[in-house]
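In what follows, a single structure is set out as structure tokens and then discussed.
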Amino acid sequence: MKKLITALALATTIAVPIQAAPLAVQVHASSINDLAKQDSYGGVTYADNMLAQEGIKYNSFAENAIPYRNGKPEGIVIHETATPNATAHDEAIYFNREWKNIYAYVHAFVDKTGVIQMMSPDSGTWGAGPQANDRFIQVELCEENNAADFAKGVNNDAIYAAALLHHYGLQPDNAVHDGQGTIWSHHAVSQYLGGTDHTDPDGYFAKWGYTMDDFYNLVKYYYDNQNGTTADNNSTTNTPANKPSDKPATNKPAATLPKPTGTKTLMHDALVYDENGDTTSAATKTAGTKLTLYGYKTIAGRKYLQIGLNQFVVASNVDGKLRKVKHNAYLYNANGYRIGKGKLYRRTYIRTYGGRVKIAGHKYYQIDVNEFVKVGNF
Ligand SMILES: [Zn+2]
């Protein structure tokens with residue numbers, strides 16, 4: 001799906017750091033898959049959670065979601081965003097804001113860091129025209145600037161696609177040569193089903209010497225691989241109740257790490273606990289640290305997030321809790337000094353992280369990495 005308003009999309013990407021120029025030398029496709037297999041999965045982040053954390057309203061697509069003609073998806077269409085330098089995060093924010101204006105929406109955006117799932121793949125979106133929208137899950141791959149990052153992107157894309165096939169009881173079957181199967185390109189939809197004329201992701205793949213056949217092989221590899229290693233998922237990958245998006249089961253003591261579910265920024269200094277809820281000798285994690293997350297675990301009635309092998313932090317340090325502001329309130333830094341002239345207005349809701357903290361004799365709730373509001377204002 002090419003951007004209809006590329007200029008607008010680019011406007012959302014100004015904060016993206018300048019990246020290295022594309023490699024002049026093309027890397028052979030087989031080595032892209034070899035590179036990819038060495039990368040770890042970035043996991044799935046859910047757009048509604050992610051946007052809530054950022055204070056952005058989630059514009060649900062639910063009322064426009066398209067029921068699948070057979071009641072469940074028949075496969076996956078692989079897209080490419082055709083928007084250089086836009087990350088999955090940029091695209092998620094752009095599509096969340098603009099889908100009503102651009103008449104386009106997809107299930108997920110994928111880049112080198114992971115997958116952002118916009119909505120449940122249990123119903124269809126506006127990804128590839130009327131023939132495909134009521135049959136297939138629509139997944140957009142974002143553009144990267146070098147072969148190593150491209151490999152990370154297709155790796156995340158292939159692992160996500162393989163998990164979706166398992167989840168919906170579908171077999172891997174390359175559709176790009178005969179118009180039949182479960183792994184489609186947007187180009188193949190144009191060619192065999194019509195109703196759309198895009199040719200992605202072929203052109204972008206070609207830039208890296210890569211093809212849909214190479215991508216299919218990577219999906220097949222992970223499909224077979226996941227089939228053999230469902231032990232950490234209670235072997236229920238095919239049951240509809242267990243969404244591919246579900247957090248890995250962490251009820252058992254984790255002898256090995258589950259697959260990561262995503263990364264998030266720690267918003268409040270946090271002690272590191274073990275699986276019994278006892279503090280460990282690991283150093284306190286400080287606010288602002290980027291954590292790789294491995295799912296939730298409730299220990300003695302308290303909700304934790306796993307951050308490593310037998311390492312947990314209290315989930316509210318990451319997820320926070322919405323609280324209503326009762327009085328207009330000033331913002332303070334970690335030293336108790338007022339930050340700028342900004343304030344929070346009464347009757348608004350703000351997310352606070354972790355427990356109360358005491359700064360120079362006053363009690364505060366933390367609302368961002370270095371922003372605090374006095375407890376009395378809530
Ligand atoms: Zn497309």
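Numbers at a glance
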{"item": "Residues of segment 47-72 classified as open to solvent by less than 40 Å² (accessible area, probe 1.4 Å) and within 21 Å of the chain's Cα centre (by Cα), total", "result": "6"}
{"item": "Selection from segment 192-216 of residues that are within 13 Å of the ligand (Cβ to nearest atom) and among the polar types (S, T, N, Q)", "result": "196, 199"}
{"item": "Positions within segment 73-98 being open to solvent by 10 Å² or more (accessible area, probe 1.4 Å), among the charged types (D, E, K, R) and closer than 21 Å to residue 58 by Cα, in sequence order", "result": "90, 97, 98"}
{"item": "Any pair with Cβ under 6 angstrom, 6 or more apart, that starts in segment 262-278 at a residue that is more than 30 Å from residue 108 (Cα to Cα) and ends at one that is open to solvent by less than 40 Å² (accessible area, probe 1.4 Å)", "result": "269/287; 270/313; 270/317; 272/282; 273/312; 277/299"}
{"item": "Single match in 149, 173, 122 (criterion: away from the ligand (no atom under 16 Å from the Cβ), within 18 Å of residue 263 (Cα to Cα) and over 14 Å from the mean Cα position of the chain (by Cα))", "result": "149"}
{"item": "Per-region count, segment 358-378, residues more than 16 Å from residue 326 (Cβ to Cβ) and either without any contact (Cβ under 8 Å) to a residue 60 or more places away in the chain or open to solvent by less than 20 Å² (accessible area, probe 1.4 Å) (or both)", "result": "8"}
{"item": "Per-region count, segment 254-291, residues β-branched (Val, Ile, Thr), more than 14 Å from residue 310 (Cα to Cα) and open to solvent by 30 Å² or more (accessible area, probe 1.4 Å)", "result": "5"}
{"item": "Condition check for residue 172: part of a loop (DSSP other than H, G, I, E, B) and surrounded by fewer than 22 Cβ atoms within 10 Å (Cβ to Cβ)", "result": "yes"}
{"item": "Positions within segment 43-70 being of a type in the set (D, E, K, R) and in a helix (DSSP H, G or I), in sequence order", "result": "48, 63"}
{"item": "Looking only at segment 71-118, and only at residues there that are small (Gly, Ala, Ser) and outside any helix (DSSP H, G or I), the one that is farthest from the ligand (Cβ to nearest atom)", "result": "71"}
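The values are calculated or read from the model by the stated rules, or taken from the named source; none is laboratory data. What you see is a predicted model; the values in this text were computed from it and never measured. Every residue, glycine as well, gets a Cβ built from its backbone with ideal geometry; the counts of neighbours run over all protein chains shown. Note: areas computed on protein heavy atoms with side chains; ligands, DNA, RNA excluded. Shrake-Rupley method; radii C 1.70, N 1.55, O 1.52, S 1.80 Å.
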